[in-house]
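Student: Quick one: the structure is below, and I'll ask about it shortly.
The values are calculated or read from the model by the stated rules, or taken from the named source; none is laboratory data. All values derive from a computational prediction rather than experimental measurement. Quick reminder, even Gly has a Cβ in these numbers, built from the backbone with ideal geometry, and neighbours come from all protein chains shown. Accessible surface areas use protein heavy atoms only, side chains included; no ligands, DNA or RNA. Shrake-Rupley method; radii C 1.70, N 1.55, O 1.52, S 1.80 Å.
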Amino acid sequence: MRDLEKELAKMSEHFYNMDVSDQSKSAIYTGIEQAKKRTKRKRRAMQSMIVAAAILLLFLSSIKISPTFADYISRVPGMQTIVTLLNGDHGLEDAINHHHLQKLDLSQTKNGTTVTIDSMIADSDQVIFFYTIKHPGKKINPELNNFDVKNKDGHSVMGAAEFNYAFAQDARVSKKQSPIHDRLSVSLDAKKLTDPLYLSLTFKMGTWTFKVPYDVAKYEKMKMSYPVHQTVSLEGQKLTVQSVTVYPTRIAVHITYDPKNTKQITHLDDLQLVDKQGRGWTPPDGLVGTWSNENDQTFYLQSNYFAHPRSLYLRLTRARAIDKSARYVTVDLKKKKLVGNPAAKQIALKSIRTGVSDHKNDLTLRFAVHVPSIDRHSVYGIFDITFTDQSGKQYNTRSEGTEMFSKSIHYEIVNIPNRNYKGPITLKIMDYPERIHGDVRIKVK
């Protein structure tokens, strides 16, 4: 799960202009790191999803909604809470305006704590749950430790997921006064869907499981698919737009990369759909996506399902990419230095320490990443969640986080188990602050 670039810049600009203490900023980065750590146990998606989820709550006060939608929510009890959690996604606003929000009111109480699944917005690609946690008279820890969505046969139907890490803005412990309102967005495996589905949420206080109605036949019909199959290039690096599928909750743009490319494209900066008048559909929190493999990626945009534009064009002018020969960084843990001169010249190892993470014996690797001005407010993961030693044995990182040290230098912090690795370890670069440019315009509809 990787990256959050231009998309987060808008939110980050607001953050940097706020009167927020250094302690609060530190809490944010801790939240980012912990949110990544929690979600890594799930399917691998781009880090932007997790970082955006981690930062989301800080920016709720800056959300802007359309006057029509504002009028609608003012007349519907309880909608003010939901619109806050929409985070300015106009596609989801349209879905609610068209009565696509399904009220659930599924509630369970355990040890005095009540969790209620208030409602959901769903289609065959994604389901977004809105829930409330109550523990009268006490502060509670709203952090999601685990979650899953299963079908009636007990098989998980969950792909990538996005959730809000509800950290404390005053840098004290991450505990909030009841009630807590939050959301969980889950990508779905269309081949395994059943009616009902079973949602499980695990907090420090316990696990709650809910039987959720899900109309498979209804949601399967609610999509518009446009085959594209057009190949374009950015500075000689080829990519093919395979299809665009419009769902009520979002738009999926399926893209593949030419295996013969000399650079690995890691992210598309400004991908958007526009109509003939230039009105665009972009993600409210930044461009996010999932990988099937390194040359097969699906990006998600705000939905225009209920807008019915007459024409649609896909636009793209820049992408992040790294030379394929520069995708690996080797670290000698004993000598605490990079081995040789890495081809990825924007990355330098600053320190290796122990006892500074949640797991006291972990090794904490701190890398300085030199970023261009366009990335000065961006927070995204550089490395893969797995690494190898010299024997070829693969291990998982414990967590990965990012700190903004200055406008031009960010620190990438990787925590790994402290073990007797055979020789230096090698980390794979999954994202990198270098770009290729072009001017892509493809007719979709």
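Student: Within segment 76-134, how many residues are part of a helix (DSSP H, G or I) and either out of contact with any helix residue (DSSP H, G or I) (no Cβ under 7 Å at 6 or more places or on another chain) or charged (D, E, K, R) (or both)?
Tutor: Of the residues in segment 76-134, 9 are part of a helix (DSSP H, G or I) and either out of contact with any helix residue (DSSP H, G or I) (no Cβ under 7 Å at 6 or more places or on another chain) or charged (D, E, K, R) (or both).
Student: Scan segment 390-435 for residues that are of a type in the set (A, V, I, L, M, F, W, C) and over 17 Å from S378 (Cβ atoms) and jot them down.
Tutor: V414, I416, I425, L427
Student: Within segment 216-262, can you find the residues that are of a type in the set (D, E) and free of Cβ contacts under 8 Å to residues at least 24 places away in the same chain?
Tutor: Selection gives nothing.
Student: Moving to a separate point now. Would you list the strands (runs of 3 or more DSSP E) that sit entirely within segment 267-374 and hold 1 or more residues that are in contact (Cβ under 8 Å) with a residue 40 or more places away in the chain and under 30 Å from I128 (Cα atoms)?
Tutor: 272-274, 288-293, 296-301, 313-323
Student: Could you identify the single residue in S66, S61, S48 that is open to solvent by 50 Å² or more (accessible area, probe 1.4 Å) and modelled with pLDDT under 55?
Tutor: Residue meeting the stated conditions: S61.
Student: If I go through segment 273-328 residue by residue, how many of them are closer than 23 Å to A122 by Cβ and touching a His at 6+ places or on another chain (Cβ under 7 Å)?
Tutor: The qualifying residues number 3.
Student: Scan (1) open to solvent by 30 Å² or more (accessible area, probe 1.4 Å); (2) touching a residue at least 12 places away in the same chain (Cβ under 8 Å) for the single condition S399 breaks and write down its number.
Tutor: Result: S399 passes all but (1).
Student: Follow-up question, since we're still on this one. Those residues that are open to solvent by 20 Å² or more (accessible area, probe 1.4 Å), aromatic (F, W, Y) and within 13 Å of D125 (Cβ to Cβ), I need them from segment 186-225; list them, please.
Tutor: none
Student: Return the residues of segment 87-123 that are in contact (Cβ under 8 Å) with a residue 40 or more places away in the chain, of a type outside the set (V, I, T) and open to solvent by less than 10 Å² (accessible area, probe 1.4 Å); say none if nothing qualifies.
Tutor: Residues satisfying the conditions are G91, L92, A95, M120, A122, D123.
Student: Going by the structure shown, is K324 among the basic types (K, R), open to solvent by 30 Å² or more (accessible area, probe 1.4 Å) and in contact with a Phe, Trp or Tyr (Cβ under 9 Å, 6 or more places away or on another chain)?
Tutor: Judged against the criteria, K324 is not a match.
Student: Here's something else I'd like to know. Can you name the residue in segment 135-159 that is at pLDDT below 85 and in a strand (DSSP E or B) and, of all such residues, is most open to solvent (accessible area, probe 1.4 Å)?
Tutor: The qualifying residue most open to solvent (accessible area, probe 1.4 Å) is K139.
Each row is one residue, and each column tells you yes or no for (1) surrounded by fewer than 17 Cβ atoms within 10 Å (Cβ to Cβ); (2) farther than 20 Å from I416 by Cα.
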position: G340; (1), (2): yes, yes
position: G355; (1), (2): yes, no
position: D358; (1), (2): yes, no
position: N361; (1), (2): yes, no
position: V371; (1), (2): no, yes
position: S378; (1), (2): no, yes
position: I382; (1), (2): no, no
position: D389; (1), (2): no, no
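Student: Determine if segment 71-86 includes at least one residue that is of a type in the set (A, V, I, L, M), loosely packed, with under 14 Cβ neighbours inside 10 Å and either at pLDDT 75 or above or more than 23 Å from S200 (Cβ to Cβ) (or both).
Tutor: yes
Student: Additional query: Any residue at all in segment 236-244 that's modelled with pLDDT of 95 or more and loosely packed, with under 13 Cβ neighbours inside 10 Å?
Tutor: So far as segment 236-244 goes, yes, one or more of its residues are modelled with pLDDT of 95 or more and loosely packed, with under 13 Cβ neighbours inside 10 Å.
Student: Oh, and also: I need a count of the residues in segment 388-445 that are in a loop (DSSP other than H, G, I, E, B) and basic (K, R). Lay out the reasoning, then the answer.
Tutor: Applying the first criterion (in a loop (DSSP other than H, G, I, E, B)) to segment 388-445 yields 389-393, 397-398, 405-408, 417-424, 430-434, 444-445.
Within this subset, residues satisfying the condition of being basic (K, R) are 393, 398, 407, 419, 422, 445.
Qualifying residue count for the region: 6.
Student: Please go through segment 183-198 and pick out each residue that is over 20 Å from the mean Cα position of the chain (by Cα) and either part of a strand (DSSP E or B) or within 21 Å of T84 (Cα to Cα) (or both).
Tutor: Matches in segment 183-198: L197, Y198.
Student: Please go through segment 245-261 and pick out each residue that is buried (at least 22 other Cβ atoms within 10 Å of the Cβ) and not aliphatic (A, V, I, L, M).
Tutor: Y247, P248, T249, R250 - these are the residues of segment 245-261 that are buried (at least 22 other Cβ atoms within 10 Å of the Cβ) and not aliphatic (A, V, I, L, M).
Student: Starting from segment 201-215, keep only residues that are assigned to a loop (DSSP other than H, G, I, E, B), then list their pairs with residues that are among the hydroxyl-bearing types (S, T, Y) and surrounded by 13 or more Cβ atoms within 10 Å (Cβ to Cβ) whose Cβ atoms are within a distance under 6 Å, requiring at least 6 positions of separation or different chains.
Tutor: Matching pairs, first to second residue: M205/T113.
Student: Counting just the residues of segment 387-436 that are over 21 Å from the mean Cα position of the chain (by Cα) and hydroxyl-bearing (S, T, Y), which one comes out nearest to D358 (Cα to Cα)?
Tutor: Y395
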